[in-house]
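Questions regarding the structure given below will be posed in turn.
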């Protein structure tokens, strides 16, 4: 029988039946694996839980207002304050992960101490890449806010900026 | 009826090459995509950032040994390559899955889960559980008579089907999450525009397309509705072949726009799209003399790598 002829529907059912009978344990394990993967994927989807590498994939699923609040890190240098970005200045963090981590620390128990420790560590991470940037005298974390409207450019400064935490060079060296 | 549909969906016989090509393409692509990966930096991050997920909760804190992480990631990349070419196949696949879980999961323990790397890990686990090394391997070329073939079998279908299903469920979950968390209000021009404009400040998109398109209320509205519809269509696309093509094209275009407008790159998902391409057809057009092989006669979890000589097993019964 040719491969093309084998693909007729009735033959498939017969072939599956024969194959599965030959290899009963393998057949059951394959079914178990399929059911297991599907069960975790469905549970996470329906409940919003995360069992990585499965997940509920909630990125951008919230309602966003016409204002955007965010945390931003600024470095205090001899030339004044400069905006610092996750990927460029605090590798291995990227911007989204860093800001989310800082937000979680801010809202955790003992958030002030945790944020101070986090900023000291970030200053040390920055120093490891200092050859490309200006030396920092301090690292400042601000809560910033923009009012979003079409036509704004990405470099425009936030409309509101509130200092949340700060670590100085002395703090970072003391915590080294 | 349901049992029959279940069997037909997951276990319609396929050739060993069908699954092996997924291994070659999948592991090859993942090797290229993750070649620049370097997790050693996480050893410098303070334990205050340690927020473990999943199985990482068994660790008391972040890893501190950069050299060890360096060795593990070199091993992982080698295992991805040897999995692709089929060298020490079973060991390579198991190593690729285990180290992939650890190295791709580790960054997610520092504050935020990025949903880019989950699917590649699932694919590696599925391949490690499957008989993907029954064909097109260096092992086979070194050990066995090239004329010996294996027959089409159900064992070569379900791993590919499961990987395809989980890939499409990723998008269905994303669409469902939007309706669960945002409701129908998520599909409004205001919401879509806020996402596009907000990302200009919080991310570094490669283009100003987000700001440009946000000027049009009609385009923002269309994009919001289209996003949810395309994502939700991933579930029926599992069963309707024609819809599947449309959905996959729609999802791919959507992810290209996300990259251009939001600066979020779903590069690892390329391996998911690749699962749906007819690699076997390409393979046979390149090597027209190759033909469907015969199935192995030993169970799929067996460590045996030798093959029964060519025969018609069904006629023997």
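Of all residues being within 11 Å of another protein chain (Cβ to nearest Cβ) and modelled with pLDDT of 85 or more in region A:127-147, which is nearest to residue A:102 (Cα to Cα)? Just the residue, please.
So in region A:127-147, the residues within 11 Å of another protein chain (Cβ to nearest Cβ) come out as A:127-129, A:144-147.
From the residues that got through so far, the ones that are modelled with pLDDT of 85 or more too are A:127, A:144-147.
Values: A:127: 19, A:144: 14, A:145: 16, A:146: 19, A:147: 22 Å.
Per the criteria, the residue is A:144.
On the basis of being touching a strand residue (DSSP E or B) at 6+ places or on another chain (Cβ under 7 Å) and at the interface with chain B (Cβ under 8 Å from one of its Cβ atoms), does residue A:85 make the cut? So that I can check it myself, show each step before the final result.
On the way: touching a strand residue (DSSP E or B) at 6+ places or on another chain (Cβ under 7 Å): no; at the interface with chain B (Cβ under 8 Å from one of its Cβ atoms): yes.
Spelling it out, it is not the case that residue A:85 is touching a strand residue (DSSP E or B) at 6+ places or on another chain (Cβ under 7 Å) and at the interface with chain B (Cβ under 8 Å from one of its Cβ atoms).
Here's something else I'd like to know. In region A:163-176, how many are modelled with pLDDT of 80 or more and either part of a helix (DSSP H, G or I) or exposed (fewer than 11 other Cβ atoms within 10 Å of the Cβ) (or both)? I'd like the intermediate steps shown before the answer.
In the first step, residues of region A:163-176 are kept if they are modelled with pLDDT of 80 or more; the result is A:163-169.
Next, only the ones that are either part of a helix (DSSP H, G or I) or exposed (fewer than 11 other Cβ atoms within 10 Å of the Cβ) (or both) stay: A:163, A:169.
Residues that pass the stated criteria total 2.
When region B:177-227 is examined, which residues are found to be more than 10 Å from every other protein chain (Cβ to nearest Cβ) and surrounded by 19 or more Cβ atoms within 10 Å (Cβ to Cβ)? Please lay out each step first, then the result.
Filtering region B:177-227 for residues more than 10 Å from every other protein chain (Cβ to nearest Cβ) gives B:184, B:187, B:189, B:206-207, B:209, B:218-219, B:221-226.
B:187, B:223, B:224, listed by residue number.
The conditions are (1) touching a helix residue (DSSP H, G or I) at 6+ places or on another chain (Cβ under 6 Å); (2) within 12 Å of chain A (Cβ to nearest Cβ), and residue B:92 fails exactly one of them. Which is it?
(2)
For region B:149-161, what are the residues that are in a helix (DSSP H, G or I) and surrounded by 22 or more Cβ atoms within 10 Å (Cβ to Cβ)? Spell out the reasoning first.
Quick first cut of region B:149-161, residues in a helix (DSSP H, G or I) only: B:154-156, B:158-161.
Within region B:149-161, B:154, B:155, B:156, B:158, B:159, B:160 qualify.
Another question about this same structure. Of the residues A:128, A:72, only one is under 26 Å from residue A:147 (Cβ atoms) and out of contact with any helix residue (DSSP H, G or I) (no Cβ under 6 Å at 6 or more places or on another chain); which? So that I can check it myself, show each step before the final result.
Values: A:128 fails: under 26 Å from residue A:147 (Cβ atoms).
Within the list A:128, A:72, the selection yields A:72.
For region B:105-127, state whether one or more residues are within 14 Å of another protein chain (Cβ to nearest Cβ) and free of Cβ contacts under 8 Å to residues at least 24 places away in the same chain. Step through it out loud before you land on a result.
Let us first name the residues in region B:105-127 that are within 14 Å of another protein chain (Cβ to nearest Cβ), namely B:105-127.
Going one step further and asking which of them are free of Cβ contacts under 8 Å to residues at least 24 places away in the same chain, we end up with B:112, B:114.
Scanning region B:105-127 turns up at least one residue that is within 14 Å of another protein chain (Cβ to nearest Cβ) and free of Cβ contacts under 8 Å to residues at least 24 places away in the same chain.
Here is a further query. Here is a check on your reading of the model: is residue B:169 within 7 Å of chain A (Cβ to nearest Cβ), at pLDDT below 95 and surrounded by 23 or more Cβ atoms within 10 Å (Cβ to Cβ)? Reasoning before the result, please.
Details: within 7 Å of chain A (Cβ to nearest Cβ): yes; at pLDDT below 95: no; surrounded by 23 or more Cβ atoms within 10 Å (Cβ to Cβ): yes.
Considered against the rule, which asks whether it is within 7 Å of chain A (Cβ to nearest Cβ), at pLDDT below 95 and surrounded by 23 or more Cβ atoms within 10 Å (Cβ to Cβ), residue B:169 comes out as no.
For (1) within 13 Å of another protein chain (Cβ to nearest Cβ); (2) over 30 Å from residue A:114 (Cα atoms), each residue gets a yes or a no:
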{"residue": "B:6", "(1), (2)": "yes, yes"}
{"residue": "B:34", "(1), (2)": "no, yes"}
{"residue": "B:66", "(1), (2)": "yes, no"}
{"residue": "B:98", "(1), (2)": "yes, yes"}
{"residue": "B:101", "(1), (2)": "yes, no"}
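The values are calculated or read from the model by the stated rules, or taken from the named source; none is laboratory data. Quick caveat, the model's predicted, so the values are computed rather than measured. Positions of Cβ are generated from backbone atoms using ideal geometry, with glycine treated the same way; all protein chains shown enter the neighbour counts.
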